[in-house]
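Asker: Sharing a structure, written as structure tokens. Questions coming.
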Amino acid sequence: MYQFEQPIYFYVLLAIPVLFLLFVMLMLWKKRTQRKFAEAKMLQVLAPNQSTFKNVLKFIVIALALTCMSFALVNPKVGTKLETVKREGVDVVFALDVSKSMLAEDIAPNRLEKSKQLVSQIINGLAGDRIGIIGYAGSAFPQVPITTDFSSARLFLSGMNTDMVSSQGTAMNEAIQMAETYYNDIDQKNRVLFIISDGEDHEGDYQSIAAQALEKGIKIYTIGVGTEKGSNIPIKRNGRTLSFKKDQNGQTVITRLNEASLKDIAEAADGEYINGSNTKEVVEAVKRILGGMDKKEFDAKQFSDFKDQFQWFLAGALFLLLIDIFLLERKTAWLTKLNLFNQKQAHE
């Protein structure tokens, strides 16, 4: 197990492509200036030991040193002591809609990103609970099994997108049935499933499936993301909108938040519907819901002792900078004498 103390310093790595661009511009400028001064053959006579490879090598060394400095500032920590602790909480599963309609931008930045923000903020407010994440569109798939490792859950959550399922649709039935397999503790009385969706194009008798889930002790709460006014579904490439999704008749598709279906699902499973437009209100509503439930005590393994690792990266950076000091820009004499590439020597 590892963690980053100051991940913001990863932005230091952005300096590398900037330095590369400046390095290329400098090399081109030097070459143009040299050509104005003398022809290539004459330059070889005047400066036979000038090495382009050494310049490139020095840049690589500096880039690696900068990378090491960035990691040293971030200060990765490695868990060294694993212990079992007693925790009390509820098993909470999130089913996240990743169908194409979730790309609509009627709620900023779009429905899917808003949904991920909501789940992330809810996770931040949890304490002793265990969580799991399911994604669904035309079919459902497990993303994160029941776990107490919130950091890993957030990492996998951030990577969810609409391309994870090739078949389109909204197979909420499969998501609910898959959630039933997540609750592996038969003694856990309170089992909660949060469905985050725009409520559009739900397939099958989802109310009946929700009622069956309630019989197994699973309460379903739905969170609606989107607006009733609706929006187009953009088709993008490299961050640019190329067009909008159209139906079989060539008409631009307008997708709208369907609160009615989400309310029906929640009602069938003894839960409630929450409008997801205001993140703070959603988090407070979830806290209220989970706070009113009986907690189950369970064992959880977690790392209790972490050791800093910045010193290794700092040492690496200092070593590379030391190499750079002694790395001259002229050709290496003994390597030139080997003449590995059978190069012709310049004669006066």
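Asker: If you check E174, E105, which single one turns out to be open to solvent by 50 Å² or more (accessible area, probe 1.4 Å), under 15 Å from I195 (Cα atoms) and not polar (S, T, N, Q)?
Answerer: Working: E105 fails: under 15 Å from I195 (Cα atoms).
Checking each option against the conditions leaves just E174.
Asker: Can you find a residue in segment 120-135 that is of a type in the set (A, V, I, L, M, F, W, C) and in a loop (DSSP other than H, G, I, E, B)?
Answerer: Step one: filter segment 120-135 for residues of a type in the set (A, V, I, L, M, F, W, C), giving 122-123, 126-127, 131, 133-134.
In the following step, the residues that additionally are in a loop (DSSP other than H, G, I, E, B) were identified as 126-127.
Yes, the conditions are met somewhere in segment 120-135.
Asker: I'm checking my understanding of the structure. Among residues of segment 2-56 that are of a type in the set (S, T, Y) and open to solvent by less than 90 Å² (accessible area, probe 1.4 Å), which one is modelled with the lowest pLDDT? I'd like the intermediate steps shown before the answer.
Answerer: Just the residues of segment 2-56 that are of a type in the set (S, T, Y), to begin with: 2, 9, 11, 33, 51-52.
Within this subset, residues satisfying the condition of being open to solvent by less than 90 Å² (accessible area, probe 1.4 Å) are 33, 51-52.
Values: T33: 76, S51: 64, T52: 69.
Within segment 2-56, the match that is modelled with the lowest pLDDT is S51.
Asker: Name the pairs whose Cβ atoms lie under 6 Å apart, with the first residue in segment 117-130 and without any contact (Cβ under 8 Å) to a residue 40 or more places away in the chain, the second open to solvent by 30 Å² or more (accessible area, probe 1.4 Å), and 6 or more positions between them or separate chains?
Answerer: Correct list of pairs: S120/R154.
The values are calculated or read from the model by the stated rules, or taken from the named source; none is laboratory data. Just so it is clear, the model here is predicted, and its values are computed rather than measured. Here the Cβ is made from the backbone with ideal geometry for all residues, glycine too, and neighbour counts use every protein chain on show. Accessible surface areas use protein heavy atoms only, side chains included; no ligands, DNA or RNA. Shrake-Rupley method; radii C 1.70, N 1.55, O 1.52, S 1.80 Å.
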